[in-house]
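Below: one structure, written as structure tokens.
The values are calculated or read from the model by the stated rules, or taken from the named source; none is laboratory data. The structure presented is a predicted model; accordingly, all values stated were derived computationally and were not measured. Don't worry about glycine lacking a Cβ; one is built from the backbone with ideal geometry, like all the others, and counts go over all protein chains shown. The area values use the complete protein model at the heavy-atom level, side chains included, leaving out ligands, DNA and RNA. Shrake-Rupley method; radii C 1.70, N 1.55, O 1.52, S 1.80 Å.
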Amino acid sequence: GKVRFNISDINNQQALDAKIQIAEGNKPLIEFLGSKTFFTELDQVGQAEFTLAPGDYKFNILAGGNFLSSATSVQATVKSNQVSQIDGQVDIKSYPTQKGWYSADLHHHADVLEGSTSPEYLVRSQLAAGLSVAFVSDHDSTKNHKEIESLTQKREMPFIPSIELSPSWG
């Protein structure tokens, strides 16, 4: 079955970027067979849609990665060949950008060398974490810079391209 999430801020009803995790229910044991962590879409803030095995689930929704809010839990039943609509409201406790603050993860790898996160999921995960500036620092590579810049431009999110140099390889 499919699940379709609409995630919003309980305080102002605005759509939120979020991370959605299966807390209880049919969790794939091997990542190749399916994911247990999902992110809202780049093109549709606050919305996510994905396919899961039928059954009863508990999902944890995080917006701002336990810094701006606590996880919100929602229960849902997924039925075969049906779409389950799930509305999740997150209680945001702090709005740092309203005070002129910026946030970024200044050590984040994509899918080069030891990293395994695609450029799109890197941007989606940084948005879900409540970050206001995107950043990547793959080892000895700038391979993903153009794609990440293109993805962040869709959301008018500043991007800092970087490279983590490995001196032992130099």
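Among the residues of the stretch 41-66, the ones that are under 26 Å from Ile148 (Cα atoms), modelled with pLDDT of 90 or more, open to solvent by 20 Å² or more (accessible area, probe 1.4 Å) and assigned to a loop (DSSP other than H, G, I, E, B) come to 4 in all. Looking across the stretch 101-154 at every residue that is farther than 20 Å from Glu41 by Cβ and assigned to a helix (DSSP H, G or I), the one that is least open to solvent (accessible area, probe 1.4 Å) is identified as His145. Considering (1) under 14 Å from Gly65 (Cα atoms); (2) part of a loop (DSSP other than H, G, I, E, B); (3) of a type outside the set (A, V, I, L, M); (4) under 17 Å from the mean Cα position of the chain (by Cα), the lone condition that Ser94 does not fulfil carries the number (4).
Among the numbered conditions (1) surrounded by fewer than 18 Cβ atoms within 10 Å (Cβ to Cβ); (2) in contact with a Phe, Trp or Tyr (Cβ under 6 Å, 6 or more places away or on another chain); (3) free of Cβ contacts under 8 Å to residues at least 40 places away in the same chain; (4) closer than 28 Å to Ser141 by Cα, the only one that Phe38 does not meet is (1).
Scanning the stretch 75-113 for residues that are among the hydrophobic types (A, V, I, L, M, F, W, C), farther than 17 Å from Leu127 by Cα and in contact with a Lys or Arg (Cβ under 9 Å, 6 or more places away or on another chain) gives Ala76, Val78, Val83, Ile86, Val112. Per the listing Leu113, Leu16, Leu68, Leu52, the residue uniquely closer than 26 Å to Arg155 by Cβ, out of contact with any Asp or Glu (no Cβ under 6 Å at 6 or more places or on another chain) and hydrophobic (A, V, I, L, M, F, W, C) is Leu68.
Among the residues of the stretch 68-78, is any in a strand (DSSP E or B), in contact with a Phe, Trp or Tyr (Cβ under 8 Å, 6 or more places away or on another chain) and open to solvent by 80 Å² or more (accessible area, probe 1.4 Å)? Looking for residues that are in a strand (DSSP E or B), in contact with a Phe, Trp or Tyr (Cβ under 8 Å, 6 or more places away or on another chain) and open to solvent by 80 Å² or more (accessible area, probe 1.4 Å), one finds at least one in the stretch 68-78, hence yes.
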